[in-house]
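Scroll down for the structure; my scribbles are underneath it.
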Amino acid sequence: MADDEVPAEVVEQIMAMLAEMQCEMDPSDIEAEDDGGYELDDVFCIDGQYDIELDADLQITERRKE
């Protein structure tokens, strides 16, 4: 699964973005998508738990409350 590994600098950027949103997650739950984007599973925010989709520029394209 080395091809799907998320670069450390991207993980840092995502974690910083989540911290600004007052959210947190396990960095191992960040998955690279085939389109260059990322899927974030089990993101815990003040108002609940979410799955979040990011595009290749780390912009949120979808946010689903679980």
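Every number in this text was worked out from the coordinates using simple rules, so none of it is lab data. Everything numeric here is computed off the predicted structure, so don't read it as measured data. We place every Cβ from the backbone using ideal geometry, glycine too, and count neighbours over all the protein chains shown.
For this structure, a couple of remarks:
- So residue 27, is it under 10 Å from the mean Cα position of the chain (by Cα) and not aromatic (Phe, Trp, Tyr): yes
- Segments classed as strands (runs of 3 or more DSSP E), wholly inside the chain, with at least 1 members that are exposed (fewer than 11 other Cβ atoms within 10 Å of the Cβ): 48-54, 60-65
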